[in-house]
Amino acid sequence: MTSPPPQGTETVEETTPAPTPPATAPAGESPLKRPEFRKLLAISITVALGFGMVIPVLPLLAESFGVGLAAIGLVQLVFGLTRFSFGLVGGLVVDRFGERASTMAGLLIVALSSYAAGFSTTFPQLVLARGFGGAGSALFIGGLMNRILRIIEPEAMGRATGAFRSSFLVGIAAGPVLGGLAADRFGVAAPFHFYATGLLVATVIAYVVMGGAEAAYRRPRRSPLEALRAARPLLHDLRYVVALVATFVGWWTISGPGQIIGVVYAKNRLELSPDQIGLAITMLAVGEVLILWVAGRASDRYGRRSVLVPSLGVVAVASFLMGQIESVPLAFFPLMIAIGAGVAAGGTAIGGLLADSIPEGGSGAAVGVNQMAGDLGYLTAPALLGAVAESSLDYEGAYLVGALPAAIVFFVALRLPRGAPRAVDPAAREHPVEPHEPVG
């Protein structure tokens with residue numbers, strides 16, 4: 001893939017002279033040296049900070065309506081199902097209206113959802129409020145990822161993916177502390193209002209930072225049918241297919257063996273205390289932080305295969321070993337670090353594979369389908385692995401099943417080409433707009 005510079009949805013009238021394209025860093029240099037990329041990170045950090053604020057209080061707000069644990073889980077299930085359902089829709093919105101419009105619309109929808117959640121007076125209202133926020137999440141994630149794929153050349157995309165993921169980790173790490181303080185001082189609904197207000201700020205940031213270069217480049221608008229037709233050949237591209245299944249594996253592993261089944265297993269079998277379990281979950285993020293930048297550089301320098309194959313091997317082995325440590329419960333902590341590191345390293349390679357395979361001009365539909373693959377893994381793993389754990393196979397069988405997707409994709413990823421992505425001349429990436437008739 002040769003990703004063109006930033007483009008948007010705005011058109012240029014026939015009498016408008018072609019603007020000067022924005023300066024870009026030399027191909028292959030660190031994405032953090034690019035002002036347009038750093039500005040996008042400001043959006044992701046703002047969103048993640050607010051999201052982190054509501055993580056510790058969402059179950060408390062749901063519980064305040066007098067419902068049980070199963071009903072509390074319904075809130076996140078509805079959110080996840082909605083986001084999964086709108087994954088492709090969000091991508092088609094990007095293809096039709098552009099990244100900035102999709103990102104801003106998504107942020108505003110989630111802001112409205114968060115305000116509604118904070119003002120909920122009944123549990124069904126809370127479920128509905130959080131539920132339609134999933135649609136907004138699909139829209140703004142699709143818009144941001146498509147913009148990154150189009151402004152960062154493939155040979156720097158591994159590092160860009162690592163930096164983008166790190167920006168979310170920064171916000172999510174700091175958010176729960178602020179959310180807890182806000183809940184103590186102003187009530188459990190307050191973090192939702194702070195989150196919503198932060199999303200309004202993020203919308204303004206998106207309007208400013210994603211619009212500066214939009215008039216400088218032409219981006220063809222596509223109808224949904226045209227966008228789907230353009231994306232269809234990617235299903236025959238091994239790089240894109242591997243990105244899809246590896247994305248499924250990453251979120252399957254985080255949700256099932258890591259967060260959900262891992263918590264129950266640690267409590268009931270390893271007999272860890274609540275604070276030890278909380279520390280173990282934190283180890284997932286620690287593993288990510290330790291590996292992201294190194295893995296991103298390796299993905300760009302040595303190729304996606306060189307990072308993705310070992311990362312899948314680590315995830316498969318660590319997930320399997322989880323079910324074998326009842327006699328050594330403290331092994332739970334390093335295995336959680338290994339899972340976090342493996343998933344994060346694989347994520348940098350996945351970002352590179354998307355950049356390598358998606359054609360010039362980008363494809364919101366392709367990115368949307370990839371997002372759906374991750375949501376599918378995140379939603380299905382807890383229920384399937386929970387059912388196995390409750391059967392005669394017990395937790396050993398559950399973790400064996402949990403490791404299988406990574407093991408299978410490990411062998412598929414061996415078919416990827418070796419070597420780093422081909423460098424692209426920066427001059428070849430610049431396509432200033434020629435005067436043309438406005439579209440639509």
Mind telling me which of the residues Gly52, Gly66 ends up being part of a loop (DSSP other than H, G, I, E, B) and either in the same structural domain as Val110 (by TED's automatic domain parsing) or touching a helix residue (DSSP H, G or I) at 6+ places or on another chain (Cβ under 9 Å) (or both)? Gly66
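Out of all the residues in the stretch 303-331, which are closer than 20 Å to Trp252 by Cα and not in a helix (DSSP H, G or I)? Show your work before the answer.
Our first condition is that a residue be closer than 20 Å to Trp252 by Cα; within the stretch 303-331, this holds for 307-324.
Within the stretch 303-331, Gly323, Gln324 qualify.
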Which condition number in (1) within 18 Å of Ala318 (Cα to Cα); (2) surrounded by fewer than 16 Cβ atoms within 10 Å (Cβ to Cβ) is the one that Ser391 fails? (1)
With modelled with pLDDT of 90 or more and under 21 Å from the mean Cα position of the chain (by Cα) as the only criterion, which of Gly397, Gly368, Gly402 stands out? Gly402
Inspect the stretch 49-57 for any residue being closer than 16 Å to Ala129 by Cβ and out of contact with any Pro (no Cβ under 9 Å at 6 or more places or on another chain) and give the result as yes or no. yes
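Let's see how each residue does on (1) of a type in the set (Gly, Ala, Ser); (2) touching a Pro at 6+ places or on another chain (Cβ under 7 Å); (3) modelled with pLDDT under 90:
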| residue | (1), (2), (3) |
| --- | --- |
| Met145 | no, no, yes |
| Pro154 | no, yes, yes |
| Met157 | no, no, yes |
| Arg165 | no, no, yes |
| Ala173 | yes, no, yes |
| Val188 | no, no, yes |
Total residues in the stretch 369-403, condition aliphatic (A, V, I, L, M), over 30 Å from Leu139 (Cα atoms) and in contact (Cβ under 8 Å) with a residue 12 or more places away in the chain: 6
Residues (buried (at least 17 other Cβ atoms within 10 Å of the Cβ) and either aliphatic (A, V, I, L, M) or not in a helix (DSSP H, G or I) (or both)) located in the stretch 246-268: Ala246, Val249, Ile254, Ile260, Ile261, Ala266
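Hey, can you tell me all the residues within the stretch 324-375 that are aliphatic (A, V, I, L, M) and over 23 Å from Ser306 (Cβ atoms)?
Taking the stretch 324-375 first, the residues aliphatic (A, V, I, L, M) are 325, 328, 330-331, 335-339, 341, 343-345, 349-350, 353-355, 358, 365-367, 369, 372-373.
Correct list: Ile325, Val328, Leu330, Ala331, Leu335, Met336, Ala365, Ala366, Val367, Val369, Met372.
The values are calculated or read from the model by the stated rules, or taken from the named source; none is laboratory data. Not measured: the values here are computed from a predicted model. Backbone-built Cβ (ideal geometry, glycine too); neighbour counts: all protein chains shown.
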